Amino acid sequence: MSTLSVEMLAAAPAEPITSAGHAQLGIAVLVGIAVIVLLITRFKLHAFLSLTIGSLVLGAVAGAPVDKAITSFTTGLGGTVAGVGVLIALGSILGKLLADSGGADQIVDTILARAGTRSMPWAMVLIAGIIGLPLFFEVGIVLLIPVVLLVAKRGNFSLMRIGIPALAGLSVMHGLVPPHPGPLAAIDAIGANLGVTLALGVLVAVPTAVIAGPLFSRLAARWVDITPPEKLIPQRPSEELETRPSFAATVGTVLLPVVLMLAKALVDIVVDDPKDHVQRVTDVIGSPLIALLVAVLVGLFTLGRAAGFGRDRLATTVEKSLVPIAGILLIVGAGGGFKQTLIDVGVGRMILDISEDWSVSALLLAWLIAVGIRLATGSATVATISAAGLVAPLADGMSTTHAALLVLAVGAGSLFFSHVNDAGFWMVKEYFGMSVGQTIRTWSLMETVISVVSLVFVLLLSLVL
């Protein structure tokens, strides 16, 4: 069911707050997105402010009353933060515990100690995938880059053979797998089932990371053969001076929320009886809030206490974990406000009206919209949230599985061709000591491979599920 008649998929959305025609709405969307792009890229204005201004411009050009446009934006902002804000905060706490306790180092060192020369790229994508589950992309880069540089230097590897798999593992998790902000916001906007989306996201992420990581790195190493920049190679402290949690405890803690949410999805499929006691229990412990909260509470002991943290140190770690996500929450919230404004002025209905007479691949349409916004703004999160808002009406009437695949199609598009307007582009360039051209031939192409390959797997799954 990859090609879907939009007329069959969606019921009519709520009455728009403006009577604008399709042409005016189309212009309003283009102007609103153009304002956001211009403010972010040309004037370097924070994405939160850019999305706020762009939402108001969108409403004004669409002819919506100012008070109603403001109400739409604030309603979307509040709803999005309420839906995903706590989850982002819990994920940040878990990631901070993982980093500060030395648990991340324990995962890295254990896997690398067992990996041979030929399997090292595969070990790196595995490390990045595990660590990337609870960590934001930027945090994962900062955490993994020193390891990448050390491994490449000590093993005399091409930096691309080690670095590309690590970056692929992080990027795939960031774009496709909750509890990362983009997928969570898309799930909330589209109304998809989180457990099913998580399961399918992992199913798509694994082969995608393999193709874009260890396999693509062979080509990248031929195109750009560089050695680790000496000034950036860290001098790691003596391992004997560190007290760290065990490998099993660390991996178990990181995977605990994933296991709980997958258990809920599995029971929902097998049992499908709201009165069943097992399903009622899994509905509670497998909900995103409870699953992440349980993982954080367990992590305080398996990670924090195991590293010798006292109460004061644990409190400080939790406090510091929440400070960096303030900007992320505001961006995600403003993206939700922009999404709600799009819906309320009637853009969702416009998409349905102009496509009702022809068959359209809803998944491909979602991917293309996300690609366009990603190329324009450079932000995967902004692309995911905005595209999810535009295609949300297509999810009405979809099965649970296909609504989850719609989320993944949006996430796949949000990763397409990172370039000079993306902060991640510059992080990779500077850490690896590459030129702009080298970064495009490696990092940017890797992101494109991830986007296209994951879309292919999403479309294939839509044919069999």
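The values are calculated or read from the model by the stated rules, or taken from the named source; none is laboratory data. This is a predicted model, so every value here is computed, not measured. Every residue, glycine among them, receives a Cβ derived from its backbone with ideal geometry; neighbour counts consider all protein chains shown. SASA here: full protein model, heavy atoms, side chains in, ligands and nucleic acids out. Shrake-Rupley method; radii C 1.70, N 1.55, O 1.52, S 1.80 Å.
Overview of values
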item: Among the candidates L159, L144, residue that is out of contact with any Pro (no Cβ under 9 Å at 6 or more places or on another chain), buried (at least 24 other Cβ atoms within 10 Å of the Cβ) and over 15 Å from A404 (Cβ atoms); result: L144
item: Identity of the residue in the stretch 104-131, part of a helix (DSSP H, G or I) and in contact with a Phe, Trp or Tyr (Cβ under 9 Å, 6 or more places away or on another chain), that ends up modelled with the lowest pLDDT; result: I111
item: Residue check for L90: within 23 Å of the chain's Cα centre (by Cα) and in a helix (DSSP H, G or I); result: yes
item: Among (1) under 18 Å from the mean Cα position of the chain (by Cα); (2) more than 30 Å from F338 (Cβ to Cβ), the one test that R161 misses; result: (1)
item: Helices (runs of 4 or more DSSP H) within the stretch 381-465 that include 3 or more residues within 19 Å of P165 (Cα to Cα), of a type in the set (A, V, I, L, M) and at pLDDT 90 or above; result: 445-464
item: Residue match in the stretch 200-207 (condition: within 25 Å of A395 (Cα to Cα), open to solvent by less than 40 Å² (accessible area, probe 1.4 Å), of a type in the set (A, V, I, L, M, F, W, C) and at pLDDT below 90); result: no
item: Number of the condition not met by Q235 [criteria: (1) part of a helix (DSSP H, G or I); (2) modelled with pLDDT under 80; (3) under 20 Å from I141 (Cβ atoms)]; result: (1)
item: Subset of the stretch 63-87 that is crowded, with 21+ Cβ neighbours inside 10 Å and within 14 Å of Q340 (Cα to Cα) - its residue that is farthest from the chain's Cα centre (by Cα); result: A64
item: Criterion violated by V298 - all others in (1) buried (at least 18 other Cβ atoms within 10 Å of the Cβ); (2) modelled with pLDDT of 90 or more; (3) of a type in the set (V, I, T) satisfied; result: (1)
item: Single match in P274, P245 (criterion: assigned to a loop (DSSP other than H, G, I, E, B) and open to solvent by less than 20 Å² (accessible area, probe 1.4 Å)); result: P245
item: One residue from V382, V371, V407, V449 being closer than 26 Å to D344 by Cβ, surrounded by fewer than 24 Cβ atoms within 10 Å (Cβ to Cβ) and in contact with a Ser or Thr (Cβ under 9 Å, 6 or more places away or on another chain); result: V371
item: Residue that is modelled with the highest pLDDT, among those in the stretch 305-356 that are crowded, with 21+ Cβ neighbours inside 10 Å and in a loop (DSSP other than H, G, I, E, B); result: V345
